[in-house]
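The block underneath contains the structure these notes are about, expressed in structure tokens.
The values are calculated or read from the model by the stated rules, or taken from the named source; none is laboratory data. What you see is a predicted model, and the numbers here were worked out from it, not measured in a lab. Methodologically, a virtual Cβ is constructed for each residue, glycine included, from the backbone with ideal geometry; neighbour enumeration extends over all protein chains shown. The protein model used for the area step is the full one, side chains on, heavy atoms only, and it has no ligands, DNA or RNA in it. Shrake-Rupley method; radii C 1.70, N 1.55, O 1.52, S 1.80 Å.
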Amino acid sequence: MEGQELPYVLVDTIGGRIGVYEDHVGFLNKCFHLITMKEYLENKTFLSKKITAIYMWYHKPHINEELLQSLPNLKVVASSGVGIDHLDLKLLSSYGVKVSNTPSVVSIDTADMGMALLLASSRRLVEGHEMAVSPETEYFPADWLGVEVSGATLGIVGMGVIGYKVAERAKAFEMKILYHNRNQRKKEEESAVGAVYCKKIDNLLQQSDFVLLAVNLTPQTHKLIGKRELELMKPTATLINISRGLVVDQDALVEALQNKVIKAAALDVTYPEPLPRDHPLLKMKNVIITPHIGSATKKTRWVMMEEMVESIQAGLAGLPVPREVLP
């Protein structure tokens, strides 16, 4: 590409809370001419026809019809992570813009996060840490107990790549594994992890000690777990969510935890994120909440960036876009 102008790619910001990571910028600058949203708005007349791709990090910059109308040569949007519920795919397609995401790279870390939440909740690790470091603690009570993981039943809702990797990890903990999915897995895949298919989600909910959600957010999965579903779960069960906050009816979850309909919850995702500081979930000892960090490791975020670059370069070259998301 020597002597050839680098493609102009729009990003939201560089650095800061939600900007492109500063240690990624060196690599990105070898491939693209990065334009921040501030730079674009300050020099719209020149840049609007120059920008051919959007590098969407942390769901930013926000893409709406006004932005699409102002970028006549936009060809591809590369979005980080697996979720695409922040994008209007039909709108983008109507402007001839292709969309990609990075679903596979997040699966290992997100599955690890699911197991970490399961273990932390079952053994009450956060409560235990607070007790151990509290200046008011004079002794450790002998009757302060968690629940067993080995031999317990894990119900996985959504047996895609992430769900299956959770099952692989749960097998190592000698858990019994049930799963509910749109489609049943192949027999050899089920046998490899000892998983049993539940065609109806109700059967899984009634039998599981831990229910782990690993589905994409779609109109069909919006508030998939509500009051009815929570009441089907065991009173000793724990709900674990590593998918999207809106997969759970959060008000119903608060009520179920307050009334001991279920035992506990461990959530890497909520809605909104972060929760208002006075939200009831933040005050419950039987709830663990983490700040949506399922894929938050240095290696995964670097590979995510590389895959986004690959998708943009392919789209701009007129080649098939790797990991293209169709409307």
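Residues in region 200-221 that are open to solvent by 90 Å² or more (accessible area, probe 1.4 Å) and farther than 17 Å from Gly160 by Cβ: 4 in all.
Ala172 - would you say it is at pLDDT 95 or above and either touching a Lys or Arg at 6+ places or on another chain (Cβ under 7 Å) or crowded, with 22+ Cβ neighbours inside 10 Å (or both)? In short, no. Could we say that Gly26 is part of a helix (DSSP H, G or I), of a type outside the set (Asp, Glu) and surrounded by fewer than 13 Cβ atoms within 10 Å (Cβ to Cβ) here? The answer is yes for Gly26. Looking across region 1-18 at every residue that is more than 17 Å from Pro72 (Cα to Cα) and touching a strand residue (DSSP E or B) at 6+ places or on another chain (Cβ under 7 Å), the one that is most open to solvent (accessible area, probe 1.4 Å) is identified as Ile14. Residues in region 1-23 that are in contact (Cβ under 8 Å) with a residue 60 or more places away in the chain and not in a strand (DSSP E or B): Pro7, Tyr21. Whether a residue is within 26 Å of the chain's Cα centre (by Cα), open to solvent by less than 10 Å² (accessible area, probe 1.4 Å) and not aliphatic (A, V, I, L, M) was assessed, and Gly155 passes this test. Of the residues Glu188, Glu168, Glu127, the single one that is touching a Phe, Trp or Tyr at 6+ places or on another chain (Cβ under 9 Å) and among the charged types (D, E, K, R) is Glu127. Ala252 falls short on exactly one of the conditions (1) touching a residue at least 12 places away in the same chain (Cβ under 8 Å); (2) open to solvent by 60 Å² or more (accessible area, probe 1.4 Å); (3) not aromatic (Phe, Trp, Tyr), and that condition is (2). Restricting region 263-303 to residues that are of a type in the set (A, V, I, L, M, F, W, C) and out of contact with any strand residue (DSSP E or B) (no Cβ under 9 Å at 6 or more places or on another chain) leaves a set whose member that is surrounded by the fewest Cβ atoms within 10 Å (Cβ to Cβ) is Ile293. A Cβ distance below 9 Å, combined with a sequence gap of six or more or placement on separate chains, defines the contacts here; from region 49-71, residues that are free of Cβ contacts under 8 Å to residues at least 24 places away in the same chain and under 14 Å from Ile35 (Cβ atoms) reach residues that are crowded, with 17+ Cβ neighbours inside 10 Å and β-branched (Val, Ile, Thr) in the pairs Leu67/Ile54. On inspection, Met115 fails the criterion of being under 30 Å from Lys60 (Cα atoms), open to solvent by less than 30 Å² (accessible area, probe 1.4 Å), out of contact with any Pro (no Cβ under 6 Å at 6 or more places or on another chain) and not in a helix (DSSP H, G or I). Would it be correct to say that Tyr179 is assigned to a strand (DSSP E or B) and not aliphatic (A, V, I, L, M)? Yes: the conditions hold for Tyr179. Among the conditions (1) in a loop (DSSP other than H, G, I, E, B); (2) open to solvent by less than 30 Å² (accessible area, probe 1.4 Å); (3) at pLDDT 95 or above, Ala120 misses just one, which is (1). Quick one: would you say Glu168 is free of Cβ contacts under 8 Å to residues at least 60 places away in the same chain, more than 19 Å from Val269 (Cβ to Cβ), under 24 Å from the mean Cα position of the chain (by Cα) and assigned to a helix (DSSP H, G or I)? Criteria met by Glu168. Would you confirm, using the coordinates I've provided, whether Ala265 is among the aliphatic types (A, V, I, L, M) and farther than 23 Å from His59 by Cβ? The answer is yes for Ala265.
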